[in-house]
1. Being in contact with a strand residue (DSSP E or B) (Cβ under 9 Å, 6 or more places away or on another chain) and either crowded, with 16+ Cβ neighbours inside 10 Å or basic (Lys, Arg) (or both) is the filter here, so list the residues in segment 73-84 that pass it.
2. If you take the residues of segment 21-34 that are among the charged types (D, E, K, R) and in a helix (DSSP H, G or I), which of them is nearest to ILE65 (Cα to Cα)?
3. Of these, LYS131, LYS92, which one is surrounded by fewer than 17 Cβ atoms within 10 Å (Cβ to Cβ) and either at pLDDT 95 or above or under 17 Å from ARG66 (Cβ atoms) (or both)?
4. Can you give me the number of residues within segment 31-66 that are within 16 Å of the chain's Cα centre (by Cα), surrounded by fewer than 18 Cβ atoms within 10 Å (Cβ to Cβ), farther than 19 Å from ASP10 by Cβ and free of Cβ contacts under 8 Å to residues at least 40 places away in the same chain?
5. Considering only segment 35-143, give the strands (runs of 3 or more DSSP E) lying wholly within it that have at least 2 residues that are at negative phi and of a type in the set (S, T, N, Q).
6. Output the residues belonging to segment 21-30 that are within 21 Å of GLY11 (Cβ to Cβ) and either surrounded by fewer than 16 Cβ atoms within 10 Å (Cβ to Cβ) or β-branched (Val, Ile, Thr) (or both).
7. Mind listing just one residue for me: the one in segment 67-115 that is of a type in the set (Ser, Thr, Tyr) and under 21 Å from HIS17 (Cα atoms) and, of those, farthest from the chain's Cα centre (by Cα)?
8. Determine the pairs where a residue that is touching a residue at least 60 places away in the same chain (Cβ under 8 Å), located within segment 71-98, has a partner that is of a type in the set (D, E, K, R) and buried (at least 16 other Cβ atoms within 10 Å of the Cβ) with Cβ atoms under 6 Å apart, the partner being 6 or more residues away or on another chain.
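The values are calculated or read from the model by the stated rules, or taken from the named source; none is laboratory data. What you are looking at is a predicted structure, and each value in this text was computed from that prediction instead of being measured. Please note: Cβ atoms are built from the backbone with ideal geometry, for glycine as well, and neighbour counts cover all protein chains shown.
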Amino acid sequence: MTDGYWIAMDGKELGIHDHEAAIRRPEVAQRFNVPVRIFKQMGRFKTGEDRDQFLPWVMRRVPIIRARGRGVVCDLQWGRGTDKQAFRAIHKWGKKVGCGDFLMLSMSNLRTGKQYNCYWMLFDEAMKKGKRIKPAPLEVSGQ
């Protein structure tokens, strides 16, 4: 998977090329219910130059998930809404786009710092059975 998506907590999604450019477009912001005051504040970030600050800033204020495929790994990040809401939206999206069994999901809650990593097939199975998704353990090696 090498695609990018914005995914709303309610399940709406939009395939995109560039997350920053897409969410700055009025029709995309409106589709994902970006409040007008937040949309107006986006202008204080320089396009491209402030990208690393801009995207987390948006995700902490709007209940949307950023998905970016990187081959066999898909990074998913959110900063608003619960993990449970995000997992439901990710599961709905993953079934729709046809995630492969061995696609590694790297899911991050930017607000809490929790990280969840698992293959799609295990995530799909856990979601179907109503099992709890646990954060990835922090592993430190060496002295």
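1. Correct list: CYS74, LEU76, GLN77, TRP78, GLY79, ARG80, GLY81, ASP83.
2. Residues of segment 21-34 among the charged types (D, E, K, R): 24-25, 27, 31.
In the following step, the residues that additionally are in a helix (DSSP H, G or I) were identified as 24, 27, 31.
On the way: ARG24: 15, GLU27: 17, ARG31: 14 Å.
Across segment 21-34, the extreme among qualifying residues is ARG31.
3. Step by step, each of LYS131, LYS92 is checked, and only LYS92 is surrounded by fewer than 17 Cβ atoms within 10 Å (Cβ to Cβ) and either at pLDDT 95 or above or under 17 Å from ARG66 (Cβ atoms) (or both).
4. The total comes to 3.
5. Ranges flagged: 104-109, 115-119.
6. ILE23, ARG25, GLU27, VAL28, GLN30
7. In the first step, residues of segment 67-115 are kept if they are of a type in the set (Ser, Thr, Tyr); the result is 82, 106, 108, 112.
Now drop any that are not under 21 Å from HIS17 (Cα atoms), which leaves 106, 108.
Numbers: SER106: 10, SER108: 8 Å.
This residue is SER106.
8. TRP93/GLU13
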